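The values are calculated or read from the model by the stated rules, or taken from the named source; none is laboratory data. Keep in mind that this is a model prediction, so the values were computed, not measured. Cβ atoms come from the backbone with ideal geometry, glycine included; neighbour counts cover every protein chain shown.
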Amino acid sequence: MSGDNQNYLPPTPEPSGAAVSTWEREHAARRAEMSRLLQNIKARLPELEALLRKQDSRSWEDLFYRFYHQSFKVYGLQENTERIVAVLRSLLPERPLNKWFEQIVREGTGKEFRLEHNDRWLQETRPIVEAFLHARTMLDLALRSGKELEEPPQSLPSAWAAVLYLFNLR
């Protein structure tokens, strides 16, 4: 499949009076979840916008710089990450988030600075920066999708496709 068509999602088939296949039921349920996710995002646009504004470049650039400065202040990114992830989870609370996303967040949060971390700076702090960047990017993509989409599209824009992966709907 070409790169342009890899995000294509076939239309939901209209079930006739005949028995509906398992695939059709699962597909219809997934489309319904996508719609509910998009509705939840749209309903919370002001909250999502405010949270993203709190992550503006001035606030997180300093913490990002602290990574290269080898300052314990980089550990402050974890609070931002946890706040963003909590809001993302709340958009569809009954669905688990993507396992890779969860692993990245788990490995990049819950850390406390210890002096010996300076000897293993990259191993200790790079996951903190990575987790924040993934969380912030997913927040940005969810917000953009909520603003740009009226309903889940058949041909998926990359931003919406990434959000669907976050909620295991892709």
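Numbers below:
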read-out: From the options R44, R120, residue that is loosely packed, with under 12 Cβ neighbours inside 10 Å and modelled with pLDDT of 95 or more; value: R120
read-out: Residue check, S145 polar (S, T, N, Q) and surrounded by fewer than 20 Cβ atoms within 10 Å (Cβ to Cβ); value: no
read-out: When residues of the range 49-84 are limited to those that are in contact (Cβ under 8 Å) with a residue 40 or more places away in the chain and touching an Asp or Glu at 6+ places or on another chain (Cβ under 9 Å), the one nearest to K147 (Cα to Cα); value: L52
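Yes or no, residue by residue, for (1) in contact with a Phe, Trp or Tyr (Cβ under 7 Å, 6 or more places away or on another chain); (2) not in a loop (DSSP other than H, G, I, E, B):
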| site | (1), (2) |
| --- | --- |
| E116 | no, yes |
| W121 | no, yes |
| T125 | yes, yes |
| D140 | no, yes |
| R144 | no, yes |
| E150 | no, no |
| A162 | no, yes |
